[in-house]
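The values are calculated or read from the model by the stated rules, or taken from the named source; none is laboratory data. Worth saying up front: this structure is predicted, and the values here are computed from it rather than measured. All Cβ positions, glycine included, derive from the backbone under ideal geometry; neighbour counts span all protein chains shown.
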């Protein structure tokens with residue numbers, strides 16, 4: 001089993017829809033949970049990060065962590081065509097190791 | 001300020017040739033990372049540098065891959081005797097420090113195609 005699993009999609013939704021993006025992970029040592037957004041032919045950029053279980057909201061974006069289920073989610077409210085991108089979840093390992101990424105979910109928001 | 005820059009943005013090479021990819025991190029960032037992004041594979045860690053410490057090379061897929069970081073700033077990733085399976089986007093990232101929760105800032109990547 002891979003450390004981080006993410007459905008690659010693609011996911012296509014109409015403008016204004018609520019989008020739910022999810023990842024599962026296997027390593028209970030993961031403490032920080034990040035969501036990166038990657039536009040076509042660009043590098044990933046950090047969108048949100050959370051520590052521990054619970055919700056964190058930033059504008060139209062909400063990140064949710066359920067450590068007991070090893071499941072994280074990113075919700076996008078009132079989705080816009082400009083949200084069309086690939087969304088990657090990422091988690092830093094404990095100790096001196098870099099980020100472990102999911103494969104990314106490709107999202108298209110249709111106007 | 002300026003972000004992470006990478007060059008070239010695209011590289012086409014023939015199987016068996018060597019290639020060098022360059023990364024200029026954000027000024028003052030002590031940690032630098034290389035990742036590879038292949039279709040359907042997500043981002044795969046290759047190597048990272050932290051200050052003056054020895055690099056962590058645990059993600060390099062073979063001894064054909066190597067990287068160096070000169071003067072704690074610019075880094076070069078070298079792939080020797082390229083193979084078609086090396087075709088991917090090579091991404092560089094940097095962070096101010098190395099540690100849990102540190103934000104990594106990515107460059108736009110170098111798209112490598114091995115014919």
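Here are some notes:
- Residue count for segment B:99-112, restricted to those that are surrounded by 17 or more Cβ atoms within 10 Å (Cβ to Cβ) and at the interface with chain A (Cβ under 7 Å from one of its Cβ atoms): 5.
- Some residue of segment A:76-87 being at the interface with chain B (Cβ under 10 Å from one of its Cβ atoms) and either assigned to a strand (DSSP E or B) or closer than 22 Å to residue B:32 by Cα (or both): yes
- So residue B:15, is it in contact (Cβ under 8 Å) with a residue 12 or more places away in the chain and assigned to a loop (DSSP other than H, G, I, E, B): yes
- Condition met for residue A:32 (in contact (Cβ under 8 Å) with a residue 60 or more places away in the chain and touching a strand residue (DSSP E or B) at 6+ places or on another chain (Cβ under 7 Å)): yes
- Failed item, numbered, when residue A:30 is tested on (1) at pLDDT 90 or above; (2) more than 20 Å from residue A:110 (Cα to Cα): (1)
- Enumeration of residues in segment B:18-38 that are touching a strand residue (DSSP E or B) at 6+ places or on another chain (Cβ under 8 Å) and not in a strand (DSSP E or B): B:18, B:25, B:26, B:29, B:30
- Scope segment A:5-23; condition closer than 17 Å to residue B:40 by Cβ and modelled with pLDDT of 90 or more; matching residues: A:5, A:6, A:10, A:11, A:23
- Restricting attention to segment A:42-60, the residues that are more than 13 Å from every other protein chain (Cβ to nearest Cβ) and either within 21 Å of residue A:5 (Cβ to Cβ) or touching a helix residue (DSSP H, G or I) at 6+ places or on another chain (Cβ under 9 Å) (or both) add up to 2.
- Taking the criterion of being surrounded by fewer than 17 Cβ atoms within 10 Å (Cβ to Cβ) and modelled with pLDDT of 95 or more, the residues of segment A:76-105 that qualify are A:77, A:78, A:80, A:81, A:82.
- The single residue among B:107, B:72 that is touching a residue at least 40 places away in the same chain (Cβ under 8 Å) and more than 24 Å from residue A:90 (Cα to Cα) turns out to be B:72.
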